[in-house]
Amino acid sequence: METLDAGYAAGRPSLSEGEATGLVRDVWGVRGQARECASERDRVFEISSDATARETSGGSGVRGYLKVSNLLEDRAVLEEEAAMLAALSESQACFALPHWRPAGKGGDAEARADTPAGGGLVEHAIGGRTHFARFLEPVPGIPLDRFRPHGPELRRQIGRLAGIVDRSSSQLAGADRPMIWDLRRAASLIGENLDAIREPGRREVVARVLERHAAVVRPRAGELRESLIYNDANPANIHVDPGRMKAGAPHLVGIVDFGDTVRSWTVANLAVACAYAGFGTRDPVAAFCDVARGYAPEHEVMEAEADVLYELARLRLALSVTISSVRGAQEPDNAYLLVSQAPAWEVLERLDATPPNLGRYRLREACGHVPCPSTARVIRALERAAPSAAPVLDPDPRTAPTVTLDLSVESGDDGGSFDPTDHSKFSQRLFDRMRDAGAAVGIGRYDEVRWWYTGEAFRAPGNEMDEWRTVHLGVDLFAEPGTPVLAPLGGRVVSVRDNADRLDYGPTIILEHDLEHVLENPAGEAEEEEPVRFRTLFGHLSPESLPNFAPGEVVEAGRTIGWVGGPPDNGDWAPHLHFQILLDPLGYDGTFPGVATPSARDVWAAVSPDPSHLLRLPGESAAPRPRGHAALVEDRNRQLGPSLSLSYRRPLHIVRGRGARLYDIDGQPFLDCVNNVAHVGHSHPRVNEAARRQMAALNTNTRYLHETILEYTERLTALFPSPLDVCFLVCSGTEANELALRMARTHTGKVGAVVLDGAYHGNSSSVVNLSPYKFNGPGGKGLRPWVRMAPMPDLFRGIHRGPEREAAPLYAAHVGEAARALETEPTWFEDRPPGAAAFFHESILSCGGQIPLPAGYLAASYAAAREHGALCVADEVQVGFGRVGSHFWAFEEHGVVPDIVTLGKPIGNGHPLAAVITTREIAESFANGMEYFNTYGGNPVACAIGLAVLDVIEEEGLRENAAIVGRRLLAGLEGLRDRHAPVGDARGRGLFTGIEFVREGDDLEPAADLADAAVQRMRDQGLLLSTDGPDHNVIKMKPPLVFSEADADLLVSGLDEILAETAFQP
């Protein structure tokens, strides 16, 4: 289309659905029913073979699409479209295309096949005017705009598609014709129609796009390649198959609608794809980068193209809103003309708030080029200036005693268990370290990832999850308040400001410098280029530093420009100088980001290179980069047993925990909704201190007298009902259950055990045989002769359903039947029955699928088991220590007293500690002459930790918290069950809950794929979950007991959001 004049509307053909039905029948021999689709300038009809397909656009009954062109459409334009389709068909087989069906014999005298256009283009007279028509074969799948979400992998696929298209059509020159969607002419068209944008603020946004186009694109336009491009990679034109998911993204099937094909800048095709990929995102630039990273491996992006890509994407968005404004006024009743206006404005306004050069640098990096073109030049200039540079502090860190401080997310130098933004404790720790090292200056490293930038000012909106700015972009020089700060280089003052918000820079001075840039020519001779310009930032100064300077003032090298400030005036940090180099101010005035998001780390490092190029600090003043995930996975696979699995499709490199959150190698927090080992919270300071103190004093075995083991076992057994008053300490839940089995066998003189289907009791040979979750799973050996299974008391999908009072006795009867079988069936040696030594049960089924036991079940089961002489063993390894909220132990909910209770996991908050609690009678029967000794069980460190855990549970009210938060969480999960079809059940007690995924239908078919997909999507949003259950279709939730109501709300809202996505719809 060559014009924005109102005449384009008059040129749209007038054709009814009935006439369209007749046309495709007569010309192409296709019988079906026509339904008109929205179109910008032509008439487009979907031809379906049945009425059902008519109701669902793109359904399986679609035969194809009739497209009747605008009167103003030129034949050459359509021939270019046909040529591009032909070229793509010949050069690639990755994506399906909307091929033109050759015209057949028809009865319409006014329609004729047009052989030059490939046999598919016909001329059709409508109202005395001739229009071109063609019939396009359907492309499988659904339009991308009907699929959610659009994640990074999907955007990379879109970029790959655009790259393949450009590579395939790169030799097609195409006619150089006027066309409103041609980005080469877009600036002129926008400028001519700027007044069509009525809102002044938005008109200014577009005007700024034009200004940047003139400054960035126009000077490099002659370097941009040209070719015939697709030019319309919008979500309505890209088809995906939601049934073929890979890496969380649907398979990209193909593309449709080549009506905007035009000769233009080749990179414009990528810019269009980027522009549309930004729709609905919180960080459009990141979305652009995803597309570019998919594109570049398929079709090289030249340096000039990468340099202008960001501005071209903005230009396309500005073009879209301008055209929609013009045409919306011309055709106010055509809603299709405004379909992209709202999302395009949203992206434009987000980008308008982004430093434009930052977007440019990010796109350059995504295309495989250096982010900032001047980085290498400035670094060379800094290194040449360094030998003669003045010191930055007095004393000079280059010659004075220094110590490098590891403040990384992986280290403990930040104190670990306290808040580093609490300057008093942090200062004491750091300055103690400096004094111990005899150092006058402590060096905080450049490019170091620090986990503790958690204020809202450090949060960056992300497309999947928010990202925290954790990568340190300067060097920190810790020194006593009042230490003089000097200018290493001469320069001009550009800003003097007190950035007074807490955790900001406080008093800050920024200088600007010009340095000669000298290169050697091929003959080895020095050649001077124009000076390089950059800035240096001095942050966390004292308030007295600011009155001495004013913007524009010249500062000589070595001049004192201020003094190290102290808290709270310096931003309320430990006393230090933050020194940073800025190659591009990016529009910031008086400040500049001192930490960056990990996803843009290389970009920010290019804008703020390592200050040691100038300062020449001793030691390692830049933090080493961690190894990549792929290298870790490779080493893990080589060095560890292959039966050890990793969580999540994209494994996490976790290096720190605190409270209910885990932190990855990039310092990003993940809400831990599944780790019931860190019972009182990850790295609880009370637990850490107890371990440290006792480890420093003694750690040995239990063959010596020691108060701690006695104090701990007294405290622990006091929490149990009588007669459970004897404790054995071991190291793991597996050891505890193994010992419980030995006790039961010794006490009863029998061998056999009754267990519940789906149960898991540990990983040793004996207790794997008590664990149907393992012995009936992959690699399992099946039921052993001395074990009998009773069915899980599952009221949702079990063999007995309905009210608890009715189902409980039915399930309990199976326990009695299993015990009777052990007593009577000759399956043991010499054809003897093994006898019923024990009934093992979890007080809430965990690996069975987070199933609470129905009321009355345990009492009836205990009675049935004891009737046959079996001991009742309550496995509280997963659910004990207040997790259920109502009681300290989950068995207490049922009014029963077990004979043996096993404890583990949460008992030591991650330290190897477990216990068996039993009666005096059973303990004495076990003392049959064979000593039970466990080398590490009950050691002083473990007992000190166990005491600290009990103290924290009591003093912080964590059992009560589990009750309050658990009720809120379960109510939220029940709401999900009511709103989302795949969630068949929501259940649990306290902070031990789960939701079960099933297919629609009365048979409640387990949907393990949906449960896993939900877990993977939640991981992408920063919430960690896992699946469980015999069918792996239950998402389990068993977080640390410090989990808050806000955490519960975040979990529920996250699930609610992802369950509304396309993959979870029936």
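Read-outs throughout are calculated quantities, based only on the coordinates presented, and are distinct from any laboratory measurement. Just so we're clear, the structure is a prediction, and the values are computed from it rather than from any experiment. With ideal geometry, Cβ positions are generated from the backbone for all residues, glycine too; neighbour counts draw on all protein chains shown.
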- Item | Among 934, 919, 881 the positive-end extreme of the charge dipole of segment 858-935 (Cβ point charges) | 881
- Message: Charges at C-beta only: +1 for Lys and Arg, -1 for Asp and Glu. How large is the resulting dipole of segment 723-922 about its Cα centre, in Debye rounded to 20?
- Response: 340 debye
- Item | Between helix 629-639 and the chain: long-axis angle, C-alpha atoms, 0 to 90°, nearest 10 | 40 degrees
- Hull-based mean projected area of segment 577-671, where the convex hull spans the alpha carbons, in square nanometres: 9.7 nm²
- Could you tell me the distance between the Cα centroids of segment 253-305 and segment 646-664, to the nearest Å? 33 Å
- Task: Assign unit charges at the C-beta atoms only (+1 for Lys and Arg, -1 for Asp and Glu), then state the dipole size of the chain relative to its Cα centre in Debye, rounded to the nearest 20.
- Result: 1460 debye
- Could you tell me which of 175, 206, 190 has its Cα farthest along the dipole of segment 131-232 towards the positive end, charges placed at Cβ (Lys, Arg +1; Asp, Glu -1), taken about the Cα centre? 206
- Message: Distance between the C-alpha centers of segment 571-614 and segment 698-770? Whole Å please.
- Response: 55 Å
- Value of relative contact order over segment 723-922, rounded to a whole percent, pairs C-alpha under 8 Å and six or more apart: 28 percent
- Label points 7 Å out from Cα along the Cβ direction at residue 696 and residue 632: separation in nm? 3.1 nm
- What distance in nm separates the simple spin-label points at residue 931 and residue 645, each placed 7 Å from Cα in the Cβ direction? 4.1 nm
- Dividing the Cα radius of gyration by the Kirkwood radius, what Rg/Rh value follows for segment 811-941? 1.01
- Phi to ³J(HN,Hα) by Karplus 6.51 cos²θ - 1.76 cosθ + 1.60 over segment 1021-1038, Hz, x for Gly, Pro: 9, x, 10, 9, 9, 8, 9, 7, x, x, 9, 6, 10, 10, 8, 9, 9, 8
- Query: With the radius of gyration and the Kirkwood radius both derived from the Cα set of segment 834-897, what is their ratio Rg to Rh?
  - Reply: 0.97
- Message: Below 22 Å, Cα to Cα, which lysines can residue 774 reach? Residues fewer than 8 away in the same chain don't count.
- Response: 905, 1036, 1038
- Which listed residue (62, 15, 1054) has the Cα farthest towards the positive end of the charge dipole for the chain, taking +1 on Lys and Arg C-beta and -1 on Asp and Glu C-beta about the Cα centre? 62
- Message: Need one number for segment 938-988: average projected area of the convex hull over its C-alpha atoms, nm².
- Response: 5.1 nm²
- Note on the structure: The value for segment 958-1064 (convex hull of the alpha-carbon atoms, volume per residue, Å³) is 88 Å³
- Message: Using each residue's phi in segment 688-701, evaluate 6.51 cos²θ - 1.76 cosθ + 1.60 at θ = phi - 60° and report the 3J(HN,Hα) Karplus result to the nearest Hz, with x for Gly and Pro.
- Response: 4, 5, 4, 5, 4, 5, 6, 4, 5, 9, 6, 9, 8, 8
- Among 264-274, 736-746, what's the highest-first ranking by average C-beta atoms within 10 angstrom per residue? 264-274, 736-746
- Message: Run through segment 587-685 and list the trypsin sites (Lys or Arg not before Pro) located in a DSSP loop whose Cβ has at most 12 other Cβ atoms within 10 Å.
- Response: 627
- Using packing as a proxy for protection, rank 165-172, 231-238 so that the peptide with the highest average count of other Cβ atoms within 10 Å comes first. 231-238, 165-172
- Task: Would you calculate the separation in nanometres between label points at residue 783 and residue 400, each defined as 7 Å from the Cα along the Cα-to-beta-carbon direction?
- Result: 7.7 nm
- Mind checking the angle between helix 75-91 and the chain's longest principal axis? C-alpha axes, 0 to 90 degrees, to the nearest 10. 40 degrees
- Angle in degrees between helix 707-717 and the longest Cα principal axis of the chain, rounded to the nearest 10: 80 degrees
- Note on the structure: Residue by residue through segment 895-906, the couplings from Karplus 6.51 cos²θ - 1.76 cosθ + 1.60 with θ = phi - 60°, in Hz, x for Gly and Pro, are x, 10, 10, x, 8, 9, 10, 10, 10, x, 5, x
- Note on the structure: Expressed in angstrom and ordered largest first, the alpha-carbon extents of segment 143-366 along the principal axes are 46, 40, 36
- Message: Quick check of the Kirkwood formula: for segment 515-651, what is the inverse mean of 1/r over all pairs of different Cα atoms, in Å?
- Response: 19.6 Å
- Given charges of +1 on the Cβ of Lys and Arg and -1 on the Cβ of Asp and Glu, with all other atoms neutral, how large is the dipole of segment 230-338 about its Cα centre, in debye to the nearest 20? 240 debye
- Item | Relative contact order of segment 118-221, defined on C-alpha pairs under 8 angstrom at six or more residues apart (%) | 11 percent
- Task: Compute the projected area of the convex hull of the Cα atoms of segment 695-788, averaged over all viewing directions, and report it in nm² to one decimal place.
- Result: 8.7 nm²
- Roughly what percent of Cα-Cα pairs across the chain reach past 37 Å? 62 percent
- How large is the convex hull of the Cα atoms of segment 723-922 per residue, expressed in Å³ as a whole number? 114 Å³
- Bins of 5 Å from zero: percent of alpha-carbon pairs in segment 640-730: 2, 9, 13, 15, 15, 14, 13, 11, 6, 1, 0
- Local electrostatic count, residue 571, Cβ distance below 10 Å [Lys/Arg +1, Asp/Glu -1]: -4
- Given Cα pairs under 8 Å that are at least 6 residues apart, what percent is the relative contact order of segment 651-704? 26 percent
